[in-house]
Amino acid sequence: MIKKEIRIELAKGLEARPVAVFVQVASQYDSSIFVEYRDKRVNAKSIMGMMSLGIAQGEKVVIAADGADEAEAVKGLEKYLTSKE
Amino acid sequence: MARTYVTLEEVAKKLDLTNLTPEIDLSQVKVYHRAINRPAFQLAGFYDYFDNKRIQVMGRAEDMYLQTLTPEERKERFEKMFSYEVPGIIIARGIQPDPEALELAHKHNVPVLSSKHTTALVIVEIIRWINQQLAPSETISGVLVDVFGEGILITGASGIGKSETAIELVKRGHRLVADDVIEILRVDEDVLFGRAPEITRHLVELRGIGVVDIKSLYGVESVREYSPIDMVINLEEWNGQLSYDRLGLNEEYQTILGVDLVKYTIPIRPGRNLAIIIETAAVNHRQKQMGYNAAQELCDRVSEEIRMRNREENQ
């Protein structure tokens, strides 16, 4: 299990379209992945769950991955979240 | 294969016309043109740009004009028009032509037909019907069903379950139009109609059972002769490598006969109830046409949430 705090750099924050891409990236990994934000904890592979967060640019989330490819998962998601697009 | 002509016999039957020149065999008269001409100018003697290959429709205006002429002049004018080998003349409003005119028509082998309807109605009906008959067409493989009034073309590889899905939809109260082979007509610039070839109409082939007749098994309410095609649902074997549309914000299209149809690709996996998925796609498509897009609504809500949050933080 790895946890990492990541600052969202995506220009528009996690709006609907970026969320859809994020979920797609997360779904490529076998590990179970969760996103922790404020007092919420949401499955990163759940599109409706991720939508419900409404995270703006500059805010921080914690990605928690658990499984065989957890390291790659966190790395991959960090890469997307910190891209400016 | 698209038709290139209709016969005057078909036109007469469709429009309920009376043949005033019964000695002429209408089934041999071919009409290649979709438009009609009103021959007022020609009867007045002006023949430049005369569309002589079109059906000529005469109404009250032509008749009133002809009444101002002497019988000799009338004969002369008709003789001239008939010499252009027009495919046929339709006289509206039940107006009776002179016996001499009919004689001339016979001599030049030009059929004269009569309609009891108004000229405008005759013209609209002829153009609409001929256009429909001569519409560009194509035959494609798939299943066409009418779901809540939306014409849905189900496509996908053979054996993926198109016919089974169609039967399940029929059992849920929807209507089958065609299975396996669908004849598609482009009846208007952006309107496609689909129907089954007569031979396979209302028959469905189910693997393991064979051919079943939907109309006789489930009744008239379970079938439809033809239907517009509003959208395409493509069934595809689930592929873990591919990502499927999760939001429905971006629409895919399939082009048939130059018309772009919205297309949804549905991944098939055991346990997915295809009939319900297709019903939902149909009503959702209808709702979009009515101006509400759920995916867009979600987008807006998320964006609004982010905006509110930014404002809070800036304060």
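The values are calculated or read from the model by the stated rules, or taken from the named source; none is laboratory data. Values in this document were obtained by computation on a predicted structure and should not be read as measured data. Positions of Cβ are backbone-derived with ideal geometry, glycine not excepted, and every protein chain shown enters the neighbour counts. Calculation scope for accessible area: heavy atoms of the full protein, side chains included, ligands and nucleic acids excluded. Shrake-Rupley method; radii C 1.70, N 1.55, O 1.52, S 1.80 Å.
Here are a few things to note about the model shown:
- For region B:174-192, residues that are over 18 Å from B:L257 (Cβ atoms) and open to solvent by less than 60 Å² (accessible area, probe 1.4 Å) total 3.
- Any chance B:A282 is assigned to a helix (DSSP H, G or I) and within 14 Å of another protein chain (Cβ to nearest Cβ): no
- Evaluation of B:R272 against (1) part of a loop (DSSP other than H, G, I, E, B); (2) farther than 28 Å from A:P18 by Cβ; (3) touching a strand residue (DSSP E or B) at 6+ places or on another chain (Cβ under 9 Å) (one fails), failing number: (2)
- Count of residues meeting criterion [open to solvent by 70 Å² or more (accessible area, probe 1.4 Å) and free of Cβ contacts under 8 Å to residues at least 60 places away in the same chain] in region B:277-286: 1
- Where strands (runs of 3 or more DSSP E) fall wholly inside region B:79-151, the ranges with 3 or more residues that are farther than 30 Å from B:N284 by Cα and in contact (Cβ under 8 Å) with a residue 24 or more places away in the chain are B:89-91, B:112-114.
- Some residue of region A:63-85 being free of Cβ contacts under 8 Å to residues at least 60 places away in the same chain and facing another protein chain (nearest Cβ under 10 Å): no
Residue-by-condition table, conditions (1) closer than 30 Å to B:V191 by Cα; (2) open to solvent by less than 60 Å² (accessible area, probe 1.4 Å); (3) more than 35 Å from the chain's Cα centre (by Cα):
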| position | (1), (2), (3) |
| --- | --- |
| B:A35 | yes, yes, no |
| B:F41 | no, no, no |
| B:K75 | no, no, yes |
| B:M81 | no, yes, no |
| B:E85 | no, no, no |
| B:D98 | no, yes, yes |
| B:K107 | no, no, yes |
| B:I123 | yes, yes, no |
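- Pairing residues of region B:15-29 that are in a helix (DSSP H, G or I) with residues that are hydrophobic (A, V, I, L, M, F, W, C), at Cβ distances under 7 Å and at least 6 apart in sequence or on separate chains, gives B:L15/B:V122; B:L15/B:I126; B:L26/B:L8; B:L26/B:A12.
- Within region A:1-51, the set of residues being under 20 Å from B:R307 (Cα atoms), out of contact with any strand residue (DSSP E or B) (no Cβ under 9 Å at 6 or more places or on another chain), open to solvent by 60 Å² or more (accessible area, probe 1.4 Å) and in contact (Cβ under 8 Å) with a residue 12 or more places away in the chain comprises A:A11, A:K12, A:K40.
- The listed residue being basic (K, R) and surrounded by fewer than 16 Cβ atoms within 10 Å (Cβ to Cβ), out of B:K116, B:K162: B:K116
- All positions within region B:224-259 that are touching a residue at least 24 places away in the same chain (Cβ under 8 Å), open to solvent by 40 Å² or more (accessible area, probe 1.4 Å) and within 14 Å of chain A (Cβ to nearest Cβ): B:W238, B:N239, B:L242
- Residue count, region B:205-223 (criterion: in contact with a His (Cβ under 7 Å, 6 or more places away or on another chain) and surrounded by 13 or more Cβ atoms within 10 Å (Cβ to Cβ)): 3
- First in region B:297-315 and more than 8 Å from every other protein chain (Cβ to nearest Cβ), second anywhere and open to solvent by 60 Å² or more (accessible area, probe 1.4 Å), Cβ under 8 Å, 6 or more apart: none
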